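Reading through the structure tokens given below for one structure.
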Amino acid sequence: MQFIEFMRIRGIPIRVHPSWLFIGFVFTFASQQQIETLLDTKEHILLTWSIGLLTSSLLFLSVVLHELGHSFMALREGIKVTSINLFLFGGGTRIEKQCETAMSCFRVAIIGPVISLFLAFICFSSLHLFPNSSQIVSNLLVQVGTINLILALFNLLPVLPLDGGIILNSLVWYFTGSKRKGLKFANSSSRTLSIFAIFCGSFICFKSGGLGGLWLIVIGWFGLASARSQNQIFALEEILLELKVSQAARKNFRVLEASETLKSISQLHLDNSRDKNFDEWLLICSGGRWVGYLTEKVLKNIPVQDWEKYLLSEYLRPLKELPSISEKEPIWHAVLALAKENCTRILVFNSAGLPSGTLDKADIGDAVFSRIGLKLPKAFLEAARHKNSYPLGISLKKLVDDMVSNGMVQVSNLDNSKK
């Protein structure tokens, strides 16, 4: 979505989606109609539209204050806030990383509804300060107070990604010691309440045909979609835990003897259509032993007429220079290894300590998608391989990072996962 930044507070960019113009118009028009009815006149058009615009502006301010509460608490917990985004269905605070403790997560989530409830309390408690004749002011306070009350109660629903769902997650996390259990419990709650909202909305639409029923159906549908998406993440995490490197690796190297000349490299008819940064590895053997490796780039600095003068053994490099991993390791180790080494692929060693294949992001993506029953076309895999990215843009690195932060896996033995 295209967001427009309109201001910064403490370095936090506050961005608005154009869909907010629609929400602003709806609230302005609804408030204008209400004030016009209250005054029982159509003569004060400028006044009624001004009050309507003020009401929608206060709605906007209420949402901004709600999100600033989350942002300031996150900063207090040592978490960087990247932006506050306001869109059709409300707002969202984007943070750089997840909270490390349950109580930190709880504090960041609860502060938004607390601020909205406080604003509602201020509005309703201020009503007695104005005489009954101040109908416009009283009506404005009631509207803004009601908006903040609804904002607080709606966000407290135990549905992800609402504040209530995050609060439920943090509480289960705190009492069980498992962030993953908290997420699963909150996701189950989201799914149950979303189905209930769809059922209630359908019943209301069938009985009276009101917009309230349709709104419940829309909210339930979005909640159900979010729960389904989270379940898919759980499934991918299980695959990353179970899948081994050997199940995704493929042989993407050539083998030559150290006693051969450099001309033997050109005779392999290497695929020149590949990306220039994706040289094929040439593993070198001598007397049945692996002694090193080369790439075809070695030919670029040597005249063609001299290719038969030099042996491969004169230019080979040790295998230990190549990023590598054992085929017995889980595939999530390979995801972290590729990111850590900042390379296009890694060499895979078998249980005997011998090279058995290579592994890149496309190979990992293909193996993961195959586990969930999705066979990717070869063209998709080649495109991902040339871009050095995971197929379909899936962010497996972020998923593994979340697994680490959730305590599902430990990275202490990552450096020992090589051959």
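The values are calculated or read from the model by the stated rules, or taken from the named source; none is laboratory data. Everything quoted here is computed from the prediction, not taken from an experiment. Positions of Cβ are backbone-derived with ideal geometry, glycine not excepted, and every protein chain shown enters the neighbour counts. Heads up: the accessible areas ignore ligands, DNA and RNA and are worked out on the full protein's heavy atoms, side chains in. Shrake-Rupley method; radii C 1.70, N 1.55, O 1.52, S 1.80 Å.
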Inter-probe distance in nm under a simple model that places probes 7 Å from Cα toward Cβ, at LYS244 and VAL137:
7.7
Enumerate the aspartates and glutamates that LYS181 could reach by cross-link, defined here as Cα to Cα under 18 Å, with residues fewer than 8 away along the same chain left out.
GLU100, ASP163, GLU237, GLU238, ASP401, ASP402
Contour minus Cα-Cα span, VAL255 to SER395, at 0.36 nm per residue, comes to 47.1 nm
Run the quick spin-label model on LEU153 and ILE302: label points 7 Å from Cα toward the beta carbon, then report their separation in nm to one decimal.
8.0
Per the charge dipole of the chain (beta-carbon charges, Lys/Arg positive, Asp/Glu negative, Cα centre), the residue among SER264, PHE234, VAL114 reaching farthest to the positive end is SER264
So how tilted is helix 396-405 from the main axis of the chain? Cα-based, degrees 0 to 90, rounded to 10.
70
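Provide Rg over Rh for the stretch 281-364; use the alpha carbon set for both Rg and the Kirkwood Rh (inverse mean inverse pair distance).
Values: Rg = 15.0 Å, Rh = 14.3 Å.
Here the Rg-to-Rh quotient is 1.04.
Using the beta-carbon distance between SER50 and SER229 and R0 = 45 Å, what value does 1/(1 + (r/R0)^6) give for FRET efficiency, to the nearest 0.05? Intermediate results must be reported in sequence, preceding the final value.
On the way: r = 43 Å, r/R0 = 0.95.
After rounding, the FRET efficiency stands at 0.60.
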Counting residues in the stretch 79-191 as N, plug N into 2.2 N^0.38 Å and put the Cα Rg over that result.
1.30
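Distances longer than 25 Å among the Cα atoms of the stretch 1-114: what percent of all pairs is that?
On the way: 2315 of 6441 pairs.
That fraction is 36 percent.
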Under a 10 Å cutoff between Cα atoms, tell me which one of VAL159, VAL137, VAL64 has the largest fluctuation in the Gaussian network model of the chain.
VAL137
For helix 19-39, what angle does its Cα long axis make with the longest principal axis of the chain, in degrees from 0 to 90 and rounded to 10?
10
How about the chain: what cysteines have no other cysteine beta carbon under 4.7 Å from their own?
CYS123, CYS200, CYS205, CYS285, CYS343
Less than 27 Å apart at the alpha-carbon level, and either on another chain or at least 8 residues along: which lysines does that give for LYS207?
none
Quote the charge dipole size of the chain about the Cα centre in Debye, to the nearest 20; the model charges only the Cβ of Lys and Arg (+1) and of Asp and Glu (-1).
560
Counting only protein heavy atoms with a 1.4 Å probe and every protein chain in place, the carbon and sulfur fraction of the accessible surface of the chain in whole percent equals 61
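What number in nm² do you get for the stretch 65-132 if you take the convex hull of its Cα atoms and divide its surface by four? Numbers along the way, then the final one.
Values: hull surface 23.8 nm².
Seen from a random direction, the Cα hull of the stretch 65-132 projects 5.9 nm² on average.
Go ahead and estimate [θ] at 222 nm for the chain from helices alone: -39,500 (n - 2.57) per DSSP H run with n ≥ 4, summed, over the residue count, rounded to 500. Don't jump to the answer; show the numbers that get you there.
Values: 12 runs with 219 residues, N = 419.
Taken over the chain, the calculation gives -17500 deg cm²/dmol.
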Using Cα-only point scatterers and the Debye equation, what is log10 of I(q)/I(0) for the chain at each q in 0.09, 0.13 Å⁻¹, rounded to two decimals?
-0.75, -1.16
Lysine pairs, Cα distance under 16 Å, 8 or more residues apart or cross-chain: how many in the stretch 327-419?
13
Rounded accessible area of LEU129 (nearest 10 Å², 1.4 Å probe):
120
Quick one: accessible area per residue over the chain, 1.4 Å probe, rounded to a whole number of Å²?
54
Checking the cross-link filter: which aspartates and glutamates have an alpha carbon closer than 14 Å to that of LYS297, excluding same-chain neighbours under 8 positions apart?
ASP271, ASP275, ASP279, GLU280
With Cα coordinates, the longest principal axis of the chain makes an angle with the long axis of helix 45-76, in degrees rounded to 10, of 40
Taking the Cα atoms of the stretch 213-332, report the difference between the largest and smallest coordinate on each principal axis, in whole Å and largest first.
83, 30, 20
So ARG10 and VAL218, fully extended at 0.36 nm per residue minus their Cα-Cα distance, gain in nm 71.4 nm
Using label points projected 7 Å from each Cα along Cα→Cβ, tell me how many nm separate TRP290 and ALA30, to one decimal.
6.6
